[in-house]
Amino acid sequence: MVTDKKDIRALSKEQLRDFFVSKGDKAFRGNQVYEWLWQKAAHDFEDMTNISKETRQMLDAHFVINHIEVDSMQRSNDGTIKNAVRLHDGLIVESVLIPTATRTTACVSSQVGCSLDCKFCATARLKRMRNLNPDEIYDQVVTIDKESRHYFNRPLSNIVFMGMGEPLMNYNNVIKAIEKITSPEGLGMSPKRITLSTSGIPKMIKKMADDGVKFNLAVSLHSAIDSVRTSIMPFNETFPLQDLRDALEYWYAKTKRRISYEYVVWKGINDTDEHIEAFVKFCKYVPCKVNIIEYNPIDDGHFQQAASEVLDRYIRVLEDNHIVVNVRRSRGKDIDAACGQLANKS
Ligand code: SAH
């Protein structure tokens, strides 16, 4: 439904307080409504039971509460849940709940589609349609928290910005969403449990460091050789590895928090000793850990996961160089919920 009414969640708490004062009400009413909108994630003014009927009607006359709806939910046989969520304008993004024995992780989207063109990623084929608003990112987290409580009897424990989109190309909204997620007036989660994954936009990494963010940073590296990285992640032409390195050194100098590198090993692309050596060298610039990610095919056959001996070799050489390395097994592959598979297939 098209409406001229403003989305009330675009207002800050101060603006909401001012609004009530301008209507001859108490500023405090703004706090109450703010709590309903964020902490209690109300989707309807009718739900605001400690607000008078007249006030609720007045709000309804001025504002809408845009919110996401789960359009479809799929469950993998490994417990992973993928939500296709519909935004207020009908566009769809996907978010994923990943359960392990001890934690529940939400993998959330930051954009509809993506403007980057990573050759191995299904989301890249969608192109970027628009940025998500802070409340649309927040709602994905709230939805997964509810699902975690419902299906696994525990709250959500971790959040990764590894769904659709490049979070640093929607920086302001991602930061606003994280502020709400970590605020006691929102979900009160610790920023230590949040990881933002970027393909590596140097000036935005520096900006984050300057802004004093408290969450973790992961960088999708995949190759430490410029020509190879450019061939699979074309924006590397504009932001080459030297610039990325400078930004990461800056990040570490300011935050003292080590970086995670995401790395997929593909047959014929980055599977030789030359690649391993370049990667190890890159890992020494800034304290880091490495996540080797299993490749999730996106039906084109050009990219293939390297043989396990190659992965073992990567791991051995990294470990010999005292670099912490984890191998991340894919989750939710059967429902196209794994890394790089989010493409609104349904
Ligand atoms: N744009 C951000 C976040 C989204 S992608 C980024 O690039 O980091 C999340 C992770 O999945 C990234 O590390 C990305 O490189 C990886 N990825 C993309 N396609 C993949 C695929 N087909 N198989 C495995 N990992 C993939």
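The values are calculated or read from the model by the stated rules, or taken from the named source; none is laboratory data. Computed from a predicted structure; not experimentally measured. Backbone-built Cβ (ideal geometry, glycine too); neighbour counts: all protein chains shown. The accessibility values were calculated without ligands, DNA or RNA, using every heavy atom of the protein model including side chains. Shrake-Rupley method; radii C 1.70, N 1.55, O 1.52, S 1.80 Å.
Can you compute the FRET efficiency between R154 and E294 using 1/(1 + (r/R0)^6), with r the Cβ-Cβ distance and R0 = 25 Å? Round to the nearest 0.05.
0.45
How far apart, in nm, are the 7 Å Cα→Cβ label points at L91 and S115?
The modelled label-to-label distance comes out at 1.2 nm.
Starting from the Cα of E35, step 7 Å along the direction of its Cβ; do the same at S12; then give the gap between the two resulting points in nm.
2.2
Just to be sure I understand the model, the point goes 7 Å from the Cα along the line to the Cβ. What's the resulting D4 to T100 distance in nm?
5.2
Given K6/K40; K40/K214; K176/K206, which pairs have Cα atoms separated by over 22 Å? List each step's numbers first, then the result.
Details: K6/K40 20 Å; K40/K214 24 Å; K176/K206 18 Å.
Cα-Cα > 22 Å for K40/K214; rest within.
Taking Cα atoms, how many degrees apart are the long axis of helix 27-37 and the longest axis of the chain, rounded to 10 and kept between 0 and 90?
50
Which net charge results when you count Lys and Arg as +1 and Asp and Glu as -1 among the other residues whose beta-carbon is under 9 Å from that of P234?
Overall, the nearby charge balance is -1.
Between D60 and K214, what FRET efficiency comes out of the Förster formula 1/(1 + (r/R0)^6) with R0 = 51 Å and r the beta carbon distance, rounded to 0.05? It would help to have the intermediate numbers written out before the result.
On the way: r = 37 Å, r/R0 = 0.72.
It comes out at approximately 0.85.
What figure, in Å² to the nearest 10, do you get for the accessible area of K6 with a 1.4 Å probe and non-protein molecules left out?
Accessible area, nearest 10 Å²: 110 Å².
Relative to the longest principal Cα axis of the chain, at what angle does helix 171-182 sit, 0 to 90 degrees, rounded to 10?
It works out to around 70 degrees.
Charges at C-beta only: +1 for Lys and Arg, -1 for Asp and Glu. How large is the resulting dipole of the chain about its Cα centre, in Debye rounded to 20? Provide the component values of the computation, followed by the final result.
On the way: 48 positive and 46 negative charges, 171 e Å.
Roughly 820 debye, rounded to the nearest 20.
At a threshold of 8 angstrom on Cα-Cα distance, excluding pairs fewer than six apart, so keeping six or more, what relative contact order does the chain reach in percent?
14
Please name whichever of N291, Y34, A247 sits farthest to the positive end of the charge dipole of the chain, dipole taken about the Cα centre and charges placed at Cβ: Lys and Arg +1, Asp and Glu -1.
The one lying farthest along the dipole's positive direction is Y34.
What do you get for the angle between helix 202-211 and the principal long axis of the chain? Use alpha-carbon atoms, 0 to 90 degrees, nearest ten.
Helix 202-211 sits at roughly 50 degrees to that axis.
Under the √(5λ) rule applied to the eigenvalues of the Cα gyration tensor, what semi-axes describe the equivalent ellipsoid of the chain? Give them in Å, descending.
Rounded to whole Å, the semi-axes are 39, 21, 18.
Suppose only helical runs count, i.e. DSSP H with n ≥ 4. What mean residue ellipticity at 222 nm does that imply for the chain under -39500 (n - 2.57) per run, divided by all residues and rounded to the nearest 500 deg cm²/dmol?
Helix contribution divided over all residues of the chain: -10500 deg cm²/dmol.
As an exercise, use a Förster radius of 22 Å and the Cβ-Cβ distance of V317 and Y285 to find the FRET efficiency, rounded to the nearest 0.05.
Approximately 0.85, to the nearest 0.05.
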